[in-house]
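J.: The structure under discussion is supplied below as structure tokens; questions concerning it will follow.
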Amino acid sequence: MEYLLGIDIGTSGTKTVLFDLEANAVASKTHEYPLYQEQNGWAEQEPEDWWEAVKVGIRSVLEQSGINAETIKGIGLSGQMHGLVMLDHQGNPLRKSIIWCDQRTGKEVEDMNRILTPEKILAITANPALTGFTAAKILWVKKNEPEIYKQCAHILLPKDYIRYKLTGEFATEVSDASGMQLMDVPKRTWSSEVLDAFGIDQSLLGKMYESTDVTGAVHKEAAEITGLAQGIIVVGGAGDNPAAAIGTGIVTEGSAFTTIGTSGVVYAISNQVAIDKKGRVHTLCASVPGKWTVMSCTQGAGLSLQWLRNHVCSEEVAEAKKKGVDPYEIMTDLASRVPIGANKLLYLPYLMGERSPHPDPDCRGTFFGLSAIHERAELIRAVLEGVAYSQLECVDVFREMGVAVTDMMICGGGARSDLWRQMFADLYQCPVSTIKAEQGGALGAAILAGVGAGVYKDLEETCNRLILKKAVQEPIAENSLEYQKYYNLYKELYVTLFASFKKLAAL
């Protein structure tokens, strides 16, 4: 029997999954690591923590499955996007990685717009200059840590650092690299105009591939460390959301998915480059060769519920421990007893600033309407609804751009909640489905590896055969009408608080 390995380098941990060729998970391992926040709005991780998690994951799935490593036909990599990994000439990290949700680069974004103009940046990179994207992070290091920048020989993204550790190759692929803001996204290549304008040497960047291309093979040292067989191919892979799209079967124009992890993402496929001139959502190269994506990203989706669990819901955590269940089950059960609107309590999920549809590093999380009648159940319900409203705001932009959303897949930790899935169906006013094999980015990466290794014909045929729907939740019309009242007020709040957010940031 033959197998494929999918490795997903996430924000909270790395998930390593061994699949058979029918997309069944044979063995899996998740290894967690810390997030460092030395200042408000900063977010960093250690690249070596990712590599340690990958080593642990590979050894674990090989041990669990008992397979011969030589039966693994290919490895696919998925990972958190936009993170800046800087290596010296020996291939060692020069500093912690500044990751996707870091918001320190507001001044660098201003510099980018001054140097190249917002219109040109949007036309070339398909996105407005953003604090979360990699280019601004590079410019921040260049300005604030010049000695480190002088030592830099290679700039990689998180998953591409793991590629280097496995294969020795400095490479990337179009779906992840188009989130660096250094690419000509319509042409699917590095932009010399952008690089020259920002003074970034192209030799620092990896070789560009498509997601299904073979980028290298496991070398001797990595094989000895991990237990893999030397020579297993490693394909381009994809950023976390483009990989999740493959893993949920979103490979043709018009299909879409929502993923609720630390961040919240809505993602749709397009056969042409579609750019929102207001910069509210992102356009990237798809992990499907020759296609593009329209994608939104909200910073504090699952993060909002995690924050509430960690700092407010100690009783629910204790009860869950006694019952041997996930604390989120207890929390969402409480929320289900509260009516739509959380008894007139609204939540804005801006714990880490925001990207879509409000690219604003200064906005912050807000409970609006808090009164003495509200208890933890209302707080939980308000957070669930606020995150759902933030995703609907993004879907509204898609529809405004002419990108139809008539059927939605949902994945990530948030997909496990019946209550949350029904909220999304009611708000999107379309069916919301889950898939039978909930492996997300790891499965998508493995399928890309299978195409690259030649064990699958192509992505569309493979996904149609392997990715099957499980639960489908239809919208409830009366719920949709009730939510709309609160959603309309929710949309007003960002506009109302905009100036106050800026004043708070300046204090």
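J.: Give the residues of segment 480-495 that are farther than 20 Å from Arg355 by Cβ and either β-branched (Val, Ile, Thr) or over 29 Å from the mean Cα position of the chain (by Cα) (or both), sorted by residue number.
T.: Leu481, Glu482, Lys485
J.: Is there a residue in segment 48-66 that is of a type outside the set (A, V, I, L, M), buried (at least 24 other Cβ atoms within 10 Å of the Cβ), closer than 30 Å to Thr298 by Cα and touching a residue at least 24 places away in the same chain (Cβ under 8 Å)?
T.: yes
J.: List every residue pair whose Cβ atoms sit under 6 Å apart, with the two residues 6 or more apart in sequence or on different chains, where the first one lies in segment 153-169 and is on the phi < 0 side of the Ramachandran plot and the second, anywhere, is hydrophobic (A, V, I, L, M, F, W, C) and assigned to a helix (DSSP H, G or I).
T.: From segment 153-169, the pairs are Ile155/Leu204; Ile162/Val54; Lys165/Trp51; Leu166/Ala222.
J.: Take residues that are of a type in the set (A, V, I, L, M, F, W, C), touching a residue at least 24 places away in the same chain (Cβ under 8 Å) and under 24 Å from Thr30 (Cβ atoms) and tell me which of the helices (runs of 4 or more DSSP H) falling wholly in segment 409-481 contain 3 or more.
T.: Correct list: 440-453.
J.: State whether the residues of segment 90-102 include one that is out of contact with any helix residue (DSSP H, G or I) (no Cβ under 6 Å at 6 or more places or on another chain), free of Cβ contacts under 8 Å to residues at least 40 places away in the same chain and more than 14 Å from Leu5 (Cα to Cα).
T.: Within segment 90-102, one or more residues are out of contact with any helix residue (DSSP H, G or I) (no Cβ under 6 Å at 6 or more places or on another chain), free of Cβ contacts under 8 Å to residues at least 40 places away in the same chain and more than 14 Å from Leu5 (Cα to Cα).
J.: Of the conditions (1) crowded, with 16+ Cβ neighbours inside 10 Å; (2) in contact (Cβ under 8 Å) with a residue 40 or more places away in the chain, Thr30 fails just one. Which one is it?
T.: Of the numbered conditions (1) crowded, with 16+ Cβ neighbours inside 10 Å; (2) in contact (Cβ under 8 Å) with a residue 40 or more places away in the chain, the odd one out for Thr30 is (2).
Residues checked against (1) modelled with pLDDT under 95; (2) over 28 Å from Lys15 (Cα atoms); (3) surrounded by fewer than 23 Cβ atoms within 10 Å (Cβ to Cβ); (4) among the hydrophobic types (A, V, I, L, M, F, W, C):
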residue: Ala377; (1), (2), (3), (4): no, yes, yes, yes
residue: Ile380; (1), (2), (3), (4): no, no, no, yes
residue: Ala404; (1), (2), (3), (4): yes, yes, yes, yes
residue: Gln422; (1), (2), (3), (4): no, no, yes, no
residue: Ile447; (1), (2), (3), (4): no, no, no, yes
residue: Thr462; (1), (2), (3), (4): no, no, yes, no
residue: Leu468; (1), (2), (3), (4): yes, no, yes, yes
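J.: Still on this structure, I have one more. Does any residue of segment 128-135 turn out to be in contact with an Asp or Glu (Cβ under 7 Å, 6 or more places away or on another chain), crowded, with 24+ Cβ neighbours inside 10 Å, under 10 Å from Leu84 (Cβ atoms) and not basic (Lys, Arg)?
T.: Checking segment 128-135: not a single residue is in contact with an Asp or Glu (Cβ under 7 Å, 6 or more places away or on another chain), crowded, with 24+ Cβ neighbours inside 10 Å, under 10 Å from Leu84 (Cβ atoms) and not basic (Lys, Arg).
J.: If you go through segment 1-28 one residue at a time, how many are touching a Leu at 6+ places or on another chain (Cβ under 9 Å), in a strand (DSSP E or B) and not polar (S, T, N, Q)?
T.: 14
J.: Which pairs do you get when a residue that is of a type in the set (S, T, N, Q), found in segment 345-357, comes within reach of a residue that is part of a loop (DSSP other than H, G, I, E, B), reach meaning Cβ atoms under 7 angstrom, with the pair 6+ apart or on two chains?
T.: Listed by first residue and then by second, the contacts come to Ser356/Arg280; Ser356/Val281.
The values are calculated or read from the model by the stated rules, or taken from the named source; none is laboratory data. Only a predicted model underlies this, so the values are computations on that prediction, with no experimental measurement involved. Here the Cβ is made from the backbone with ideal geometry for all residues, glycine too, and neighbour counts use every protein chain on show.
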